[in-house]
Amino acid sequence: MSILKVSIRQIKAARALLNWSQEQLAIAAGISIPTIKRLEAQDGPLGGREETATKILNSMRAAGVEFIDENGGGPGVRLRKPKPEEREV
């Protein structure tokens, strides 16, 4: 299984879709705000420690973000369709 490479731009786009600040991402991921700020100050692939990147990606996925691989159309992000049990009535 190949590991999906996620860029800082995808992280920022995912935050925008969720309407999350850097502080909200830090809380959701259980990492420090300075770490988020440092990572987002760069461009290119999500760097830092693998554990940190995993926490960021897992928190965003849990909130409904899907990261889209390059797959010929370019990388991106989108919000997952809510499952029937997740929809509000």
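The values are calculated or read from the model by the stated rules, or taken from the named source; none is laboratory data. Predicted, not measured: the structure shown is a model, and the values here were computed from it. Positions of Cβ are backbone-derived with ideal geometry, glycine not excepted, and every protein chain shown enters the neighbour counts.
Filter region 13-27 down to the residues that are charged (D, E, K, R) and within 13 Å of Arg38 (Cα to Cα) and list them by number. Talk me through it step by step, then tell me what you get.
Kept after step one, since they are charged (D, E, K, R), are these residues of region 13-27: 15, 23.
Glu23, the sole residue that qualifies.
Within region 8-50, the residues that satisfy the criterion of being modelled with pLDDT of 95 or more, loosely packed, with under 12 Cβ neighbours inside 10 Å and in a helix (DSSP H, G or I) are Ala16, Glu23, Pro34.
For Ala63, are the conditions met, namely being of a type outside the set (Asp, Glu) and touching a residue at least 12 places away in the same chain (Cβ under 8 Å)?
Working: of a type outside the set (Asp, Glu): yes; touching a residue at least 12 places away in the same chain (Cβ under 8 Å): yes.
The answer is yes for Ala63.
Among residues of region 64-79 being of a type in the set (Gly, Ala, Ser) and part of a loop (DSSP other than H, G, I, E, B), the one that is surrounded by the most Cβ atoms within 10 Å (Cβ to Cβ) is Gly64. If only residues of region 55-77 that are modelled with pLDDT under 95 and in contact with a Pro (Cβ under 8 Å, 6 or more places away or on another chain) are counted, the one that is farthest from Gln22 (Cα to Cα) is Asp69.
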